[in-house]
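**Q** Handing you this structure, nothing more for now.
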Amino acid sequence: HGRPLCPVAKFHMRNGAEMYRLNYMADASPKGIRNSCGIMINYRYLLNKIEGNRVRYEIYDDVVARDGVTCWLTSDLDESDDKK
């Protein structure tokens, strides 16, 4: 796993947010397509979970993400690393 590369994601994770929802074609500008294929993400702050999320990120590099985000992740990258 590890920490996000995006400075905006780092900001939100350090402040205790969770990755809440992916939005396809949310930024259809040429820059948005070039940077992220037009995909943007919503971050959500739940007051009763902010501190725990922040600690999980800072200590364990654990990014909290809802099922609406994680359902799009695949282990294909992990499997291709094993073949090297």
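The values are calculated or read from the model by the stated rules, or taken from the named source; none is laboratory data. Treat the numbers as computed from the prediction; the structure is a model and nothing was measured. Cβ atoms come from the backbone with ideal geometry, glycine included; neighbour counts cover every protein chain shown. To get the accessible areas, we keep the full protein, side chains included, count just its heavy atoms, and leave off ligands, DNA and RNA. Shrake-Rupley method; radii C 1.70, N 1.55, O 1.52, S 1.80 Å.
**Q** Modelling each spin label as a point 7 Å along the Cα-to-Cβ direction, I'd like the SER29/LYS49 distance in nm, to one decimal.
**A** For the pair SER29/LYS49, the computed spacing is 3.0 nm.
**Q** Rounded to a whole number, what % of the accessible area of region 1-42 do carbon and sulfur atoms account for, probe 1.4 Å?
**A** Ligands and nucleic acids excluded, carbon and sulfur give 60 percent.
**Q** Could you give the C-alpha radius of gyration of region 1-53 expressed as a fraction of 2.2 N^0.38 Å, taking N as the number of residues it contains?
**A** Expressed relative to 2.2 N^0.38 Å, the Cα Rg reads 1.26.
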